[in-house]
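These notes concern the structure reproduced below.
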Amino acid sequence: MAQKRRTKAELAKLATEVINRRRVGMSFEAISQELEVPTATCHRVFKKAIENIPQQSATELRLLQYERLEEIYRCAMLYVSDEKAGPAFMKQALDALKQIGDLNGLNAAKTIKTELTGADGGPIRTTGPIKTFGITQAELGDMSQEERDVIRSICVRQIEKQKAKGVH
């Protein structure tokens with residue numbers, strides 16, 4: 001028995017359904033079962049539909065990625081209080097926040113150029129190891145990259161506060 005040809009409106013609706021399901025990660029096989037259409041039809045409709053989508057700008061893609069990460073974060077936060085699965089969901093939430101920070105440039109390394117000089121512009125003379133926030137250079141070298149990043153962010157905030165007060 002021959003199948004009835006779909007109208008343009010039906011094809012557009014099918015394409016929307018297929019794209020939406022692919023967007024959330026469904027396979028073509030799962031989509032075909034759910035929509036009760038052949039897998040090949042799902043694939044063909046999807047391929048044709050994405051060919052007709054204009055290429056998105058980096059800003060649009062960044063926004064789309066941001067929205068996806070926000071949704072992951074919101075979903076994970078719903079389950080962080082669960083006794084058994086809570087820690088795993090908390091890790092997912094924190095990973096999403098980190099990716100959001102990376103996406104928006106919040107976690108980018110900041111370069112601070114500072115020059116310190118001693119008397120008459122000469123070198124600074126010390127009698128022992130130099131400590132910054134009570135941490136020696138050797139102790140800093142023993143820290144993980146994450147710990148050094150925390151120290152660096154504290155230093156950056158302190159410098160920004162001093163600049164805001166007019167202290168250089």
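No lab work stands behind these numbers, since they all come straight from the coordinates. As the structure is a prediction and not an experimental result, all values here were calculated from the model. Every residue, glycine among them, receives a Cβ derived from its backbone with ideal geometry; neighbour counts consider all protein chains shown.
What the table shows:
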item: Per-residue Cβ neighbour rank within 10 angstrom, fewest leading, THR114, THR136; result: THR114, THR136
item: Kirkwood Rh, angstrom, region 58-103 [1 / mean 1/r, Cα pairs]; result: 10.8 Å
item: Convex hull (Cα only) mean projected area of the chain, reported in nm² to one decimal; result: 18.6 nm²
item: Contact order normalised by residue count of the chain, Cα under 8 Å, 6+ apart, percent; result: 10 percent
item: Packing-based ranking, highest mean first, of 144-151, 13-20 given that Cβ atoms within 10 Å are counted; result: 13-20, 144-151
item: Listed residue pairs exceeding 27 Å between alpha carbons, taken from LYS47/LYS91; LYS98/LYS161; LYS113/LYS161; LYS91/LYS165; LYS113/LYS165; LYS8/LYS47; result: LYS47/LYS91; LYS91/LYS165
item: Additional length obtainable on full extension of the chain from GLU60 to LYS47, 0.36 nm per residue less Cα span; result: 2.6 nm
item: Unit Cα scatterers, Debye sum, region 8-51: log10 I(q)/I(0) for q = 0.24, 0.27 Å⁻¹; result: -0.73, -0.93
item: Förster radius 25 Å - calculated FRET efficiency between ARG74 and GLU17, Cβ distance, rounded to 0.05; result: 0.55
item: Spin-label pair GLU147/ASP95, simplified geometry with 7 Å Cα→Cβ offset, distance in nm; result: 2.5 nm
item: Structure-based [θ]222 nm, the chain - -39500 (n - 2.57) summed over DSSP H runs of at least 4, per residue, nearest 500; result: -20000 deg cm²/dmol
item: Charged-residue dipole, Cβ positions (Lys, Arg, Asp, Glu), the chain about Cα centre, Debye nearest 20; result: 660 debye
item: Overall form of region 15-95 per C-alpha gyration tensor (a/c, 1.5; a/b vs b/c); result: oblate
item: Listed residues SER144, ILE31, ALA76: farthest to the positive end of the dipole of the chain (Cβ charges); result: ILE31
